[in-house]
Ligand SMILES: Nc1ncnc2c1ncn2[C@@H]1O[C@H](COP(=O)(O)OP(=O)(O)O)[C@@H](O)[C@H]1O
Ligand SMILES: O=P(O)(O)OC[C@H]1O[C@](O)(COP(=O)(O)O)[C@@H](O)[C@@H]1O
């Protein structure tokens with residue numbers, strides 16, 4: 001079972017534009033979509049679509065449109081009741097695949113809400129192969145909340161994956177984490193690397209600087225680093241090996257949910273007993289499939305082009321270049 005925790009869930013509203021976005025002007029959207037979102041919720045949606053047992057833990061009041069959408073999907077969840085409606089995050093998707101996202105701060109949580117969420121995690125974690133702590137923290141939540149949850153889960157013998165950003169990511173990376181999924185900007189921020197240097201290297205198909213930064217992070221957290229790199233694919237750095245993977249050719253429609261789908265893909269393969277490079281292949285195939293779908297749709301195994309993903313082992317000199 002994959003247990004996901006989303007402290008700051010959202011209803012993702014996507015407006016599709018047939019013409020390029022023009023700042024300061026009135027434009028009319030062709031298609032409007034509303035889908036359940038938030039990083040852990042998305043991981044659960046993708047895991048469920050692959051037939052895995054999963055449960056999403058999140059704050060949301062009874063009758064919230066997000067919970068109604070999860071009910072429609074038949075996705076198992078436990079919600080801590082809060083006073084306000086779950087935030088809406090807005091995506092503007094242009095015809096060429098350019099995705100502009102505006103995320104709201106989210107519903108503030110009180111210490112009592114956090115206690116209830118922590119109690120839910122404790123009650124459900126016993127049957128989980130992985131617990132994922134995902135997404136931003138809403139107002140009212142201390143930056144080290146995921147760190148505290150990860151420590152508690154590690155003590156209980158659970159495997160923990162973290163996908164967050166900013167201070168909560170920094171705090172999480174100060175302790176033990178089994179799997180962390182930064183994108184290139186988050187990796188740069190975590191390791192004090194110039195993000196421009198990482199981007200320039202990627203433009204030359206040189207994964208060296210990414211691998212070097214991720215390897216430092218592996219030493220720090222004691223677990224695996226899955227660094228996702230948008231259209232360039234992803235790199236997996238572990239104590240036992242390092243691999244890069246490039247995605248199959250796709251026509252991007254909305255990259256929202258691509259990172260979450262990558263994490264889900266990795267976990268789906270890992271819980272199925274796949275080797276580390278195969279886990280990476282699944283991560284990249286799931287991410288690419290999500291990027292090719294509109295809005296925050298969850299890719300299913302039918303959407304995957306696994307053989308279109310090229311996985312390369314990076315060892316010795318390549319790893320250190
Ligand atoms: N334009 C794209 N073309 C092909 N694959 C993509 C594209 N954007 C994202 N992906 C896939 O999705 C994964 C996650 O995307 P990324 O943008 O790195 O994550 P995040 O959403 O967390 O920033 C990538 O590793 C890649 O496999
Ligand atoms: O919690 P945050 O950082 O505001 O992110 C939440 C948003 O990210 C998403 O989970 C998508 O994340 P990815 O594009 O990184 O996969 C959306 O569903 C949601 O609107």
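If we keep just the residues of the range 1-29 that are assigned to a loop (DSSP other than H, G, I, E, B) and within 12 Å of ligand 2 (Cβ to nearest atom), which is farthest from residue 295 (Cα to Cα)? Walk me through it before giving the result.
So in the range 1-29, the residues assigned to a loop (DSSP other than H, G, I, E, B) come out as 1, 7-9, 18-29.
With within 12 Å of ligand 2 (Cβ to nearest atom) added as a condition, the list becomes 7-9.
Numbers: 7: 21, 8: 19, 9: 16 Å.
It comes out as 7.
Against the list (1) within 16 Å of ligand 2 (Cβ to nearest atom); (2) over 23 Å from residue 15 (Cα atoms); (3) surrounded by fewer than 24 Cβ atoms within 10 Å (Cβ to Cβ), the condition residue 269 fails is (1).
Residue by residue, here is whether (1) free of Cβ contacts under 8 Å to residues at least 40 places away in the same chain; (2) buried (at least 17 other Cβ atoms within 10 Å of the Cβ); (3) more than 17 Å from residue 256 (Cβ to Cβ) holds:
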position: 5; (1), (2), (3): no, yes, yes
position: 12; (1), (2), (3): no, yes, no
position: 22; (1), (2), (3): yes, no, yes
position: 27; (1), (2), (3): yes, no, yes
position: 39; (1), (2), (3): no, yes, no
position: 42; (1), (2), (3): no, yes, no
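Please tell me if residue 150 is crowded, with 19+ Cβ neighbours inside 10 Å and without any contact (Cβ under 8 Å) to a residue 40 or more places away in the chain. Considered against the rule, which asks whether it is crowded, with 19+ Cβ neighbours inside 10 Å and without any contact (Cβ under 8 Å) to a residue 40 or more places away in the chain, residue 150 comes out as yes. (1) in contact (Cβ under 8 Å) with a residue 12 or more places away in the chain; (2) within 15 Å of ligand 2 (Cβ to nearest atom): which one isn't true of residue 232, the others all being true? Only one criterion in (1) in contact (Cβ under 8 Å) with a residue 12 or more places away in the chain; (2) within 15 Å of ligand 2 (Cβ to nearest atom) is unmet by residue 232, namely (2).
Residues of the range 112-139 that are within 29 Å of residue 102 (Cβ to Cβ) and either within 16 Å of ligand 1 (Cβ to nearest atom) or surrounded by fewer than 14 Cβ atoms within 10 Å (Cβ to Cβ) (or both): 132, 133, 134, 135, 136, 139. Here residue 255 fulfils each of the conditions (1) outside any loop (DSSP other than H, G, I, E, B); (2) touching a helix residue (DSSP H, G or I) at 6+ places or on another chain (Cβ under 7 Å); (3) within 14 Å of ligand 1 (Cβ to nearest atom) apart from (1).
Among the residues of the range 190-211, some residue qualifies, meaning at least one is within 16 Å of ligand 2 (Cβ to nearest atom) and either crowded, with 18+ Cβ neighbours inside 10 Å or free of Cβ contacts under 8 Å to residues at least 12 places away in the same chain (or both).
In the condition set (1) in contact (Cβ under 8 Å) with a residue 60 or more places away in the chain; (2) within 13 Å of ligand 2 (Cβ to nearest atom); (3) closer than 22 Å to residue 200 by Cα, residue 262 is compliant with all but (3). Within the range 32-44, none of the residues are more than 16 Å from ligand 1 (Cβ to nearest atom), part of a loop (DSSP other than H, G, I, E, B) and within 18 Å of the chain's Cα centre (by Cα).
Within the range 268-318, the set of residues being part of a helix (DSSP H, G or I), under 23 Å from residue 98 (Cβ atoms) and more than 12 Å from ligand 1 (Cβ to nearest atom) comprises 303 only. Of the listed requirements (1) without any contact (Cβ under 8 Å) to a residue 24 or more places away in the chain; (2) in contact with a strand residue (DSSP E or B) (Cβ under 9 Å, 6 or more places away or on another chain); (3) surrounded by fewer than 20 Cβ atoms within 10 Å (Cβ to Cβ), residue 79 misses just one: (3). You will find that of 62, 68, the residue that is away from ligand 2 (no atom under 15 Å from the Cβ), under 25 Å from residue 2 (Cβ atoms) and in a loop (DSSP other than H, G, I, E, B) is 62 and no other.
All of the numbers you see were taken from the coordinates with simple rules; none came from a lab. All figures in this text were calculated on a predicted structure; none of them were measured in a lab. Note that we place each Cβ from the backbone using ideal geometry, even for glycine, and neighbour counts take in every protein chain shown.
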